[in-house]
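Structure first, commentary second.
The values are calculated or read from the model by the stated rules, or taken from the named source; none is laboratory data. As the structure is a prediction and not an experimental result, all values here were calculated from the model. Glycine also receives a Cβ, built like all others from the backbone with ideal geometry; neighbour counts cover every protein chain displayed. Note: accessible area is taken over every heavy atom of the protein model, side chains too, but ligands, DNA and RNA are not part of it. Shrake-Rupley method; radii C 1.70, N 1.55, O 1.52, S 1.80 Å.
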Amino acid sequence: MAAEEVKLLKTWSSRFGLRVVWALKLKGIQYDAIDEDLSNKSALLLQYNPVYKKVPVLVHNGKPISESLVILEYIDETWKQNPILPEDPLEKARERFWAKFNDEKLLPSIWGAFTKEGKEREEAIAAAVENLKFVEEELKGKKFFGGEKIGLADLAFGWLAYLICVFDEVTGFKIVDERYPLLLAWMQEFSQLPIAKDNCPPHDKLVIKYQALYEKLHPAK
Amino acid sequence: MAEEVKVFGTWGSPFSRRVELALKIKGVKYEYIEEDVYGNKSPLLLKYNPVHKKVPVFLHNGKPIAESLVIVEYIEETWKGNPILPEDPYEKAMARFWAKFVDEKCLPALWKAGSSPENERAKAVEEACECLKTLESALNGKRFFGGDTVGLVDIAANFIGYWLRLFQEAAGHDLLSAEKFPALFKWSDEFSSCSVVKDSLPPKDKLLAYFKAHIAGTKAAETNASN
């Protein structure tokens with residue numbers, strides 16, 4: 001069998017890159033990690049992702065794929081062990097719907113609450129509260145979004161498990177609070193998974209990074 | 001066993017037409033329910049799509065699915081004839097990548113180019129042209145993005161295939177032209193005239209009138225805002 005070559009272009013802190021790491025670890029796939037400096041993008045990154053010039057990029061036997069959710073589906077179709085999508089088309093659709101909801105609604109609203117000021121921040125917080133309600137509802141009767149085991153949606157939401165506490169610490173404002181007991185329980189369960197425990201960026205390093213960003217965006221008056 | 005397939009949509013929405021197109025490609029019979037999304041969303045729509053409260057919503061034997069590209073992938077996996085995605089996982093990933101690019105970059109850029117306030121117009125048009133240029137290169141000499149037949153990316157790009165020409169007529173600009181983007185322009189003709197597509201497009205006059213009214217409404221709001 002020909003040697004398989006799997007490379008992952010990411011950064012140490014990229015929450016989208018981390019999803020791909022989790023999927024590769026879940027399936028026991030060996031890969032070379034290439035950490036990019038986004039202030040000085042490598043020629044390789046620009047060659048492999050000319051459209052977005054972003055991480056993550058998965059390169060499988062020389063062929064590049066960008067966009068983390070597209071990469072996750074590719075990984076699932078190429079390496080069949082420990083599937084992250086169910087067989088049933090309706091259940092698959094549900095996983096895709098919620099992964100999309102995280103990327104298009106939940107994450108941007110929480111990011112807005114972190115980065116914006118004044119009225120824009122209030123609107124972002126209001127949106128986040130709405131979005132979190134839906135997520136909480138979806139978790140009723142389930143351990144993970146995927147049921148008993150994690151799936152695509154869990155990988156998409158996974159950033160909450162290690163990054164929300166960083167945002168809480170930096171801003172002094174708790175966005176995922178006791179109104180969302182199921183989500184808080186899910187965050188605990190997710191962070192205890194071997195793939196998460198062994199593969200999250202160091203908390204202290206994240207606090208330093210986001211503290212610096214926060215101060216830059218919200219200079220003390 | 002009788003299959004129950006329903007689509008909740010609106011006549012002018014490219015998103016609900018994507019779902020109808022996928023069903024037509026697969027020869028699946030369905031019931032269509034027109035929603036009044038501006039005036040009066042039906043209780044059924046709000047029940048079946050409580051998260052987004054939008055069309056399209058797809059109902060298969062009572063089970064609802066929302067988000068047009070999620071629905072299209074469900075249709076692909078449920079009815080196997082006339083596939084709209086390639087078998088090969090890498091080619092499939094490329095199709096999904098381009099469909100996402102259309103949804104997340106092209107469509108917002110095109111909409112902005114036609115409805116931005118004057119002072120933002122030039123930048124919006126430039127961004128829209130960049131998107132069309134990228135899409136043109138993705139076509140890469142093929143008849144359709146899907147190759148010889150309409151596939152996922154063609155379905156996702158339906159706004160560009162048909163709606164855009166009317167939108168730009170209403171907005172008074174010329175983003176997609178044969179001179180600037182010959183391959184994409186030709187594709188839009190191929191797409192909107194191919195048999196499975198052409199009978200399920202909204203009527204030209206009605207759509208043009210809708211866009212004209214929308215753009216006039218945006219301009220009026222701008223004028224009021226600056227007075």
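Can you give me the number of residues within region A:1-51 that are in a helix (DSSP H, G or I), under 27 Å from residue A:154 (Cβ atoms), open to solvent by 50 Å² or more (accessible area, probe 1.4 Å) and not charged (D, E, K, R)? Going through region A:1-51 one residue at a time, the tally reaches 1. For region A:158-182, the set of residues classified as surrounded by 14 or more Cβ atoms within 10 Å (Cβ to Cβ) and over 15 Å from the mean Cα position of the chain (by Cα) consists of A:168, A:169, A:170, A:171, A:175, A:176, A:180, A:182, listed by residue number. For region B:165-189, a tally of residues being touching a helix residue (DSSP H, G or I) at 6+ places or on another chain (Cβ under 8 Å) and assigned to a loop (DSSP other than H, G, I, E, B) returns 8. Taking region A:201-221, which residues are under 16 Å from the mean Cα position of the chain (by Cα) and either β-branched (Val, Ile, Thr) or open to solvent by 50 Å² or more (accessible area, probe 1.4 Å) (or both)? Passing the criteria: A:202, A:203.
Residue-by-condition table, conditions (1) closer than 21 Å to residue B:25 by Cβ; (2) modelled with pLDDT of 95 or more; (3) in contact with a helix residue (DSSP H, G or I) (Cβ under 7 Å, 6 or more places away or on another chain); (4) surrounded by fewer than 15 Cβ atoms within 10 Å (Cβ to Cβ):
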{"site": "B:163", "(1), (2), (3), (4)": "yes, yes, yes, no"}
{"site": "B:191", "(1), (2), (3), (4)": "yes, yes, yes, no"}
{"site": "B:195", "(1), (2), (3), (4)": "yes, no, no, yes"}
{"site": "B:211", "(1), (2), (3), (4)": "no, no, yes, no"}
{"site": "B:223", "(1), (2), (3), (4)": "no, no, no, yes"}
{"site": "B:226", "(1), (2), (3), (4)": "no, no, no, yes"}
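So, residue B:95, is that one within 23 Å of residue B:168 (Cα to Cα) and either without any contact (Cβ under 8 Å) to a residue 12 or more places away in the chain or aliphatic (A, V, I, L, M) (or both) or not? When the stated conditions are applied, residue B:95 does not pass them. Every condition in (1) part of a loop (DSSP other than H, G, I, E, B); (2) modelled with pLDDT of 95 or more is met by residue A:168 except one, and the failing one is (1). Using the structure shown, decide if residue A:137 is touching a Gly at 6+ places or on another chain (Cβ under 9 Å), surrounded by fewer than 19 Cβ atoms within 10 Å (Cβ to Cβ), closer than 28 Å to residue A:26 by Cβ and within 12 Å of chain B (Cβ to nearest Cβ). Considered against the rule, which asks whether it is touching a Gly at 6+ places or on another chain (Cβ under 9 Å), surrounded by fewer than 19 Cβ atoms within 10 Å (Cβ to Cβ), closer than 28 Å to residue A:26 by Cβ and within 12 Å of chain B (Cβ to nearest Cβ), residue A:137 comes out as no. Within region A:14-54, the residues that satisfy the criterion of being within 11 Å of chain B (Cβ to nearest Cβ) and not hydrophobic (A, V, I, L, M, F, W, C) are A:49, A:50, A:52.
In this structure, residue B:38 does satisfy being more than 22 Å from residue A:88 (Cβ to Cβ), open to solvent by 20 Å² or more (accessible area, probe 1.4 Å) and of a type in the set (Ser, Thr, Tyr). Flag: residue B:170 matches the condition of being in contact with a Gly (Cβ under 8 Å, 6 or more places away or on another chain) and within 27 Å of residue B:210 (Cα to Cα). In this structure, is residue A:149 away from chain B (no Cβ under 12 Å) and open to solvent by 20 Å² or more (accessible area, probe 1.4 Å)? Yes.
Of the residues examined, residue B:79 is one that is touching a Gly at 6+ places or on another chain (Cβ under 9 Å) and not β-branched (Val, Ile, Thr).
Residues that are in contact with a helix residue (DSSP H, G or I) (Cβ under 8 Å, 6 or more places away or on another chain) and of a type outside the set (Val, Ile, Thr) within region B:144-161 comprise B:144, B:145, B:146, B:151, B:152, B:154, B:156, B:157, B:158, B:159, B:161, listed in sequence order.
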